[in-house]
Every structure is written in structure tokens, then in C-alpha cells.
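Below is one structure; the comments refer to it alone.
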Amino acid sequence: MAESTIQQQPLAGWDKPELDLTNADWHSSSRGLGDVQIAFVEGFIAMRNSRRPESPSLIFTPAEWGAFVSGAREGEFDLT
């Protein structure tokens, strides 16, 4: 598969810093389920797809992360 040459541009209104995730300590689910890993870096939470670690990571503030986790626990993102 050919590597993409499209450069990603920051989203309009994006107010998060570009974090250096090179040496981030990535953590998987305690159950080992799923493909998501998270890392705590410079006061932010980074989330990535463990099967494609080279792909862009999502960056959350602590408040955003709390809202995301609360929503997930309450089933907000369930497909049913």
C-alpha cells in the first residue's frame, strides 16, 4: 500500500499543543480487549489505535477525558 503524502492540518479552533509522543508510556485495557491505548503526557491524555500506532493520536484535556469516560460508562456510545 502506498504511503499517503497528504499533510494533516490542525482543526480550526484546535487549542491543544503538539505533543511529542515518541517516548510516551502507552497503556492498554486491563483486560487486554480492544485496540485502544492511552498515555498521559504533559497534563493531557493521548489515545491511539494500537494496531496502527503510526496513525494520529487523539488528544484530550482532563475535562474532555472525564466526559468521554463518563459517557462510555453510561452507554452513550453503544450501537444498540
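Rolling a 1.4 angstrom probe over the protein heavy atoms, how many square angstrom per residue are accessible across region 13-74?
Values: 4480 Å² over 62 residues.
Heavy-atom SASA per residue in region 13-74 reads 72 Å².
At 1.4 Å probe size, put Asp20, Asp15, Asp35 in order of accessible surface, largest to smallest. Please list the in-between numbers first.
Working: Asp20 95, Asp15 125, Asp35 55 Å².
Ranked from most to least accessible, the order is Asp15, Asp20, Asp35.
Pop out the ³J(HN,Hα) list for region 39-50 in order, Karplus 6.51 cos²θ - 1.76 cosθ + 1.60 with θ = phi - 60°, rounded to Hz; leave Gly and Pro as x.
Once θ is set to phi - 60°, the couplings for region 39-50 become 9, 9, 9, 6, x, 10, 10, 9, 10, 9, 8, 5 Hz.
The values are calculated or read from the model by the stated rules, or taken from the named source; none is laboratory data. The shown structure was predicted, so the numbers you read here are calculated from the model rather than taken from an experiment. Just the protein is used for accessible areas: all its heavy atoms, side chains included, with ligands, DNA and RNA removed. Shrake-Rupley method; radii C 1.70, N 1.55, O 1.52, S 1.80 Å.
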